Amino acid sequence: FAGAHLNAAITLTHCIIGNLPWRKLPAYLIGQFLGSFTAAATVFGLYYDALYDYTKGNFTVTGPTATASIFSTYPSPCVSLLGAFFSEFLATVMLVLGILIIHDEKNNGALKGTQALLTGILVLGIGLGMGMNTGYAINPSRDLPPRIFTAIAGWGTDVFRAGHYWWWVPIIAPTLGSLAGVLIHKLFIDFHNQPVPESGNVKGQPVVETS
C-alpha cells in the first residue's frame, strides 16, 4: 500500500474500507498534523515582517486587514453554514472520485507516471470551479493544524468563532465526502469491473496517494 495521503479524510476512509490497518491511523494523522502545523509556522516566520507591517501588529480574522485566511479556510460572508458544508462535502466527493478513477488500473486508468500530474490538475480544477464559497479545504489536515497555530500565534479564539463557528466543517464535511466518493466509485464503477488477469499484476483497490 502506498502512503503520502496528506489528507486525514482519505486516510480514515482507507481504514474503513480495509485498505489500511487501523493501527497505522495514529501515525498518519500525527504526521499530517505536524507537517501542516510546521508549514504554517514556517510561513508565519518567513513573512512575519510583512504581516506585521500590513496589520500594524493587529492580527485579525475579519475586517479590512484580515490575514487569518492565509493559513486556513473561511467561508465567504454571503454563504450560509449549510451551504459551506455542502460545498466542502461535494468538493471532496469530486476529489476522491477523481483520484480513484485516475488510479483505477482495472478500468483503463491513467498512464503510469501521469497520475500525480492529473491529480494536481484535478485539485486545481476543484479550486477554480468550487473554491469561491469556502476556499476548498477538502482536507482536515490542511485546515485544522494551521488554525490551531494561528490561535496560538496572535489571532486568538476568533479563528474558531468566525463564520458561525465554521472550524468544524473542514473536518467533518471532507470526511463524509471522502466516504461518499468511495461509495459512488464502488457502486457505479468498481463493482462492475471485470477481474484482472494475473499478468496484470494489480492488487486490490486503486490507490489514493494524495490529498
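What follows is calculated from the coordinates using simple rules that are stated; it is not laboratory data. Because the structure is a prediction, the values reported are computed rather than measured. FYI the Cβ positions are ideal-geometry reconstructions off the backbone, even for glycines, and counts take in every protein chain you see.
Of note:
- Model label sites at residue 158 and residue 128, defined 7 Å from Cα along the beta-carbon direction, differ in position by 3.4 nm.
- In this simple spin-label approximation, residue 108 and residue 29 carry label points 7 Å from Cα along the Cα→Cβ vector, and these lie 4.0 nm apart.
- Kyte-Doolittle mean at least 1.6 and Cα axial length at least 18 Å: DSSP H helices in the chain: 81-102, 115-130
- Once the Cα-Cα distance is subtracted from the 0.36 nm per residue extended length, the residue 184 to residue 82 segment shows a gain of 34.5 nm.
- Among 164, 185, the ranking by other beta carbons within 10 Å of each residue's beta carbon, starting with the fewest, stands as 164, 185.
- Charge dipole magnitude, Cβ of K and R +1, D and E -1 - region 1-119, Cα centre, debye nearest 20: 300
- Inverse of mean 1/r across different Cα pairs in the chain, Kirkwood, Å: 18.3
- Of the residues 159, 46, 9, the one whose Cα sits farthest towards the positive end of the charge dipole of region 8-192 is 9 (charges of +1 on Lys and Arg Cβ, -1 on Asp and Glu Cβ, taken about the Cα centre).
- Directionally averaged shadow of region 45-84, computed from the convex hull of its alpha-carbon atoms, nm²: 3.2
- Computed [θ] at 222 nm, helices only, for the chain once each DSSP H run of length n ≥ 4 contributes -39500 (n - 2.57): -18000 deg cm²/dmol
- Pairs of Lys in the chain closer than 26 Å at Cα, counting only those 8 or more apart or on different chains: 7
- Nearest-20 debye value, the chain charge dipole, Cβ charges on Lys, Arg, Asp, Glu: 260
- Trypsin sites (Lys or Arg not before Pro) within region 78-142, DSSP loop, no more than 15 other Cβ atoms inside 10 Å: 112
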